[in-house]
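Shown next, in structure tokens, is the structure this report addresses.
The values are calculated or read from the model by the stated rules, or taken from the named source; none is laboratory data. In this text the structure is predicted, and so the values were computed from the model without any measurement. Methodologically, a virtual Cβ is constructed for each residue, glycine included, from the backbone with ideal geometry; neighbour enumeration extends over all protein chains shown. Ligands, DNA and RNA are excluded from the accessible area calculation, which covers all protein heavy atoms including side chains. Shrake-Rupley method; radii C 1.70, N 1.55, O 1.52, S 1.80 Å.
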Amino acid sequence: MDPVTPPVTTRFGSRPMTLSLTSRNARSSAIRDLLAHARRDGVISLAGGLPAPELFPSDKLAECAPAILCDPANLQYGLTEGEVPLREWIAERHSIADHRGTRPDDVQIVSGSQQALDLIAAVVIDPGDTVVVSEPEYLGAIGAFRRAGADLVAIPVDSAGFDVEALAQRLRAGLRPKICYVIPEFHNPTGASTTIKRLRLLAELADTYGFLIVEDSPYSALRFEGDPVPSMCTMTDNVVQCRTISKTLAPGLRVAWMIGPQWILDAVRIAKQSADLHTSTVTQHLALALLSDITWYEAHLLRIAAHYRDRRDALATALHELMPNVPFHRPSGGMFLWLTFPADANTDLMLARALDAGVAFVPGSAFAVDNDMSACLRLSYATASPDQLREGVARLASVVDLP
Ligand SMILES: Cc1ncc(COP(=O)(O)O)c(C=O)c1O
């Protein structure tokens with residue numbers, strides 16, 4: 001799929017008008033372009049990572065909304081750092097989970113964790129600075145760091161997650177990054193989780209070599225089995241943690257937060273003033289109403305994790321039965337599963353045939369940084385029903401060159 005390229009120059013009357021260098025270098029996300037095709041009638045989309053709409057807490061939001069909307073304070077401009085009661089709730093939960101004294105001032109509310117990545121990149125990265133990411137990597141992170149002018153260095157991911165030993169070798173050989181971006185649990189796109197041993201080594205490396213870890217954890221609450229992984233905040237101070245309600249409540253609310261050292265939060269606050277002044281006060285209060293009804297919220301988390309686990313099981317079973325020779329790692333949470341075909345496969349080409357057969361996926365090349373990822377593809381089990389997942393795999397099996 002060719003990314004959309006904006007026109008570089010237009011005319012304002014007689015004067016030429018040119019886009020900024022940053023915009024000229026930016027490319028539209030391949031996933032966005034592809035989703036347009038995936039929305040065609042009859043296509044089963046295993047492509048986008050959209051949360052299941054039937055899990056959105058519409059009734060609970062409708063119940064809480066009238067009181068929130070009738071209070072004029074919730075319709076007024078708000079603090080750039082975010083609404084105090086929401087930051088208090090987050091700080092308290094964070095302190096309990098991570099056994100650290102997190103204060104509301106250590107929390108910055110943002111309009112989605114994507115905004116956190118964009119703001120962190122804007123305040124930390126100068127053009128030419130090095131940012132370490134994994135390969136394959138979440139497109140939104142690649143985009144945010146590249147837009148800030150970063151040189152990306154790609155470290156592989158395997159079934160034990162981010163290959164921190166490979167990073168250690170590169171650091172010993174002289175690599176000096178400013179940021180290392182990591183999704184410790186249920187990585188997008190591979191679904192892999194990084195072992196605690198590797199995360200501890202990453203924390204040690206950050207302290208030794210002086211780089212900032214950006215820990216992005218949007219899928220942590222979607223755990224189907226195994227023990228939760230402690231936040232990297234418990235391992236080093238050189239970390240900014242990004243969390244969101246997009247996968248647990250609803251992405252349309254655009255509420256997320258960052259927890260990190262004061263020097264970075266201070267800079268982010270100034271940048272956010274220019275970006276959007278503050279995150280919507282209305283949706284922050286809606287989020288708080290749901291999060292702080294702890295009995296409801298914990299039951300909701302169990303319900304959504306069970307829902308996605310059933311879909312993971314349906315997809316994994318269909319793959320084992322219908323495409324038994326294509327290896328994959330069974331994710332223990334999150335929304336994604338990564339398929340690896342023989343090295344000469346080309347999932348970009350496969351996609352056109354798959355769309356004709358009525359199924360969509362995201363080719364591995366969409367998540368590539370340096371290397372050719374076109375022998376791989378990402379499947380999302382978040383939105384389709386178990387029956388659709390099985391039918392989607394049957395359609396995929398009919399068009400792929402199976403080994
Ligand atoms: C790894 C990762 N980080 C961040 C985001 C963006 O989340 P948000 O909706 O909070 O901006 C996503 C969304 O898919 C994601 O997969």
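Quick notes on this structure:
- Pairwise Cα inverse-distance average, inverted: Kirkwood Rh of segment 251-403 (Å): 18.5 Å
- Percent carbon-and-sulfur accessible area, segment 85-183, ignoring ligands, DNA and RNA, probe 1.4 Å: 48 percent
- Label zone at ASP151 (point 7 Å along Cα-to-Cβ), backbone N below 19 Å, segment 348-389: 369-371
- In this structure the chain gives 44 Å² per residue of accessible area when probed at 1.4 Å with all protein chains present.
- DSSP beta bridge pairing in the chain, given as percent antiparallel to the nearest 5: 55 percent
- Loop trypsin sites (Lys or Arg not before Pro), segment 261-332 (other Cβ atoms within 10 Å of the site Cβ: 14 or fewer; DSSP): none
- Its residue count N sets the reference 2.2 N^0.38 Å, and the alpha-carbon radius of gyration of segment 36-170 equals 1.41 times that reference.
- Rounded accessible area of LEU302 (nearest 10 Å², 1.4 Å probe): 130 Å²
- Share of Cα-Cα pairs in the chain lying beyond 27 Å, as whole percent: 52 percent
- Counting Lys and Arg as +1 and Asp and Glu as -1 over every other residue whose Cβ lies under 11 Å from the Cβ of SER380, the net charge comes to +3.
- Annotation: amide H-H contacts under 5 Å for ASP158 (H modelled 1.01 Å from N, sequence separation of 5 or more, or interchain): ASP163.
- The calculated P(r) of segment 178-303, using every Cα pair and 10 Å bins from 0, goes 11, 37, 35, 16, 1 in percent.
- GluC sites (Glu not before Pro) restricted to segment 171-233 and DSSP loop, no more than 16 other C-beta within 10 Å: GLU225
- For segment 87-237, the average shadow cast by the Cα convex hull is 8.8 nm², which is a quarter of the hull's surface.
- Directionally averaged shadow of segment 124-209, computed from the convex hull of its alpha-carbon atoms, nm²: 5.1 nm²
- Computing FRET efficiency as 1/(1 + (r/R0)^6) for ALA166 and THR234, where r is the C-beta to C-beta distance and R0 is 22 Å, gives about 0.40.
- Bins of 10 Å from zero: percent of alpha-carbon pairs in segment 223-277: 18, 38, 35, 8, 0
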